[in-house]
Amino acid sequence: MSYSDEIKKLNIKKDAVILAIESSCDETCASVTCGRELLSNEIISSAEIQKKYGGVVPEIASRYHTDAIDKVVKSAMEKAKVSFFELDAVAVTYGAGLLGALLVGLSYAKALAFSLNIPIIPVSHIHGHLSVCYLVDKTLEPPFISLLASGGHTAVIKVGCDGEYEILGSTLDDAVGEAFDKVARVLDLSYPGGPNVERLATLGKNCVPMPKMLKGQGGYNFSYSGLKTAVINYVHSAKMSGREYNKCDVASSFQSSALDILVEKTIEGAKSCGINTVTAGGGVCANGYLRDKLKSACDKNGLRLVIPDKHLCTDNAAMIASEGYRQYLKGNFAPLSLNAKASLSLK
Ligand code: KG4
Ligand code: ZN
């Protein structure tokens, strides 16, 4: 019997043990879950090396994934105290991300699944960021409103009763994380930009005028290009005229402007849909200012907030395992011909 024929006959188990692999950018990640229980979550990052180049160099990312993949998987299996023969499936990010980087994780996952004769679960990185909340709060069930804020996406999403996604609004131009990274460069901060802007912002005051992008307008959509340009212009004109400016104040003012709008539109989405649970995901949700603002806005409006710990907001494989488990329960398995995709739609 062929590999795919055997997979079709598989019994779906509620307490399935899943190994997940994520390699879409500069972090090589592996995680093991049992049902909605997180057993291990390991990361080997090439960020320190990428720092020298001011951002992610795709070829360097691929090379480091190749070196790290076996180590990170073995470490995740050891920490979970699970043997390869106990695995029920291998979940893997097949998009969106850097093609060469994705292919390292995908090839490894395929080879492992084939040799163990277990299914491969294809997972969208974007859906992973949304689904990690199912591990964080094991009672979480749709419907809920999700704020997705990462380096590639910015959106407010309604997750309906049967788990389907309805995008209430998204960015019309740059993603919020992209704006953080650009502002970091303008302020001479090193890669990765977001956490460094946050660090500076905590030392400054929100006193530099910034445009209020789509505040009270544009439905649930966002726009970050105007804000980004405002920061660039402010810094450049100060430099040109030899005027002193306070980087911490610029960071603080930018951060408030960029993040307040996310909180406002997420709460508005929950209230207008009559949904009382809010979740959040994506690297920008590791930002302390955003976490505090979202928490107090949810409390004020009587909404329950499920937000992952910071290390589960930025890229990791636990999120891939969590979404992988949802797909596993639906029997959504991939053939061995599964290919990597640089971009995937949000839905
Ligand atoms: O989710 P993620 O790790 O990767 C993508 O799927 O894009 O998000 C990365 C983005 C980067 O733009 C990074 O600067 C931003 O998240 N980020 C932050 C913080 N930590 C990461 N932005 C603001 N504050 C942070 N603490
Ligand atoms: Zn991500």
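The values are calculated or read from the model by the stated rules, or taken from the named source; none is laboratory data. Keep in mind the model is a prediction, meaning the values are calculated, not measured. Don't worry about glycine lacking a Cβ; one is built from the backbone with ideal geometry, like all the others, and counts go over all protein chains shown.
A compact table of results
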read-out: Leading residue by the ranking (modelled with the lowest pLDDT) among those in the stretch 194-219 that are farther than 25 Å from Lys310 by Cα and crowded, with 17+ Cβ neighbours inside 10 Å; value: Leu214
read-out: Qualifying residue in the stretch 153-168 (condition: touching a helix residue (DSSP H, G or I) at 6+ places or on another chain (Cβ under 9 Å), under 21 Å from Ser225 (Cα atoms), buried (at least 24 other Cβ atoms within 10 Å of the Cβ) and hydroxyl-bearing (Ser, Thr, Tyr)); value: yes
read-out: Looking only at the stretch 1-31, and only at residues there that are part of a strand (DSSP E or B) and more than 18 Å from the chain's Cα centre (by Cα), the one that is surrounded by the most Cβ atoms within 10 Å (Cβ to Cβ); value: Leu19
read-out: Residues of the stretch 228-251 that turn out to be within 13 Å of Val186 (Cα to Cα), within 28 Å of the chain's Cα centre (by Cα) and crowded, with 17+ Cβ neighbours inside 10 Å, as a count; value: 6
read-out: Strands (runs of 3 or more DSSP E) enclosed by the stretch 113-205 - at least 2 residues per element that are among the small types (Gly, Ala, Ser) and within 14 Å of ligand 1 (Cβ to nearest atom); value: 144-149
read-out: Those residues of the stretch 235-260 which are under 30 Å from Ala317 (Cα atoms) and either touching a Lys or Arg at 6+ places or on another chain (Cβ under 6 Å) or among the acidic types (Asp, Glu) (or both), in sequence order; value: Asp260
read-out: Criterion (part of a helix (DSSP H, G or I), at pLDDT 95 or above and more than 20 Å from Leu102 (Cβ to Cβ)) met by exactly one of Leu312, Leu305; value: Leu312
read-out: In the stretch 1-26, the residues that are of a type in the set (Asp, Glu) and modelled with pLDDT of 95 or more; value: Asp15, Glu22
read-out: Number of the condition not met by Lys215 [criteria: (1) more than 9 Å from ligand 1 (Cβ to nearest atom); (2) in a helix (DSSP H, G or I); (3) touching a helix residue (DSSP H, G or I) at 6+ places or on another chain (Cβ under 9 Å)]; value: (2)
read-out: Residues being away from ligand 2 (no atom under 16 Å from the Cβ) and either of a type outside the set (Lys, Arg) or farther than 29 Å from Thr139 by Cβ (or both) - total across the stretch 307-344; value: 13
read-out: Matching residues in the stretch 32-80 - criterion: being modelled with pLDDT of 95 or more, more than 13 Å from Ala318 (Cα to Cα) and loosely packed, with under 15 Cβ neighbours inside 10 Å; value: Asp67, Asp70, Lys71, Lys74, Glu78
read-out: Matching option when the condition is near ligand 1 (Cβ under 9 Å from one of its atoms) and either surrounded by fewer than 17 Cβ atoms within 10 Å (Cβ to Cβ) or among the basic types (Lys, Arg) (or both), among Lys293, Lys300, Lys310; value: Lys310
read-out: Residue selected from the stretch 96-123 under the condition under 16 Å from the mean Cα position of the chain (by Cα) and surrounded by fewer than 23 Cβ atoms within 10 Å (Cβ to Cβ), by the criterion nearest to ligand 2 (Cβ to nearest atom); value: Ala96
read-out: Any hit, the stretch 185-208, residues being closer than 25 Å to Ile60 by Cα, of a type in the set (Asp, Glu) and within 16 Å of ligand 2 (Cβ to nearest atom); value: no
read-out: Candidate set from the stretch 252-266 (those that are surrounded by fewer than 21 Cβ atoms within 10 Å (Cβ to Cβ) and not polar (S, T, N, Q)); member that is farthest from Ala230 (Cα to Cα); value: Glu264
read-out: Conditions (1) within 14 Å of the chain's Cα centre (by Cα); (2) outside any helix (DSSP H, G or I); (3) surrounded by fewer than 13 Cβ atoms within 10 Å (Cβ to Cβ); (4) not basic (Lys, Arg); number of the one not met by Ala280; value: (3)
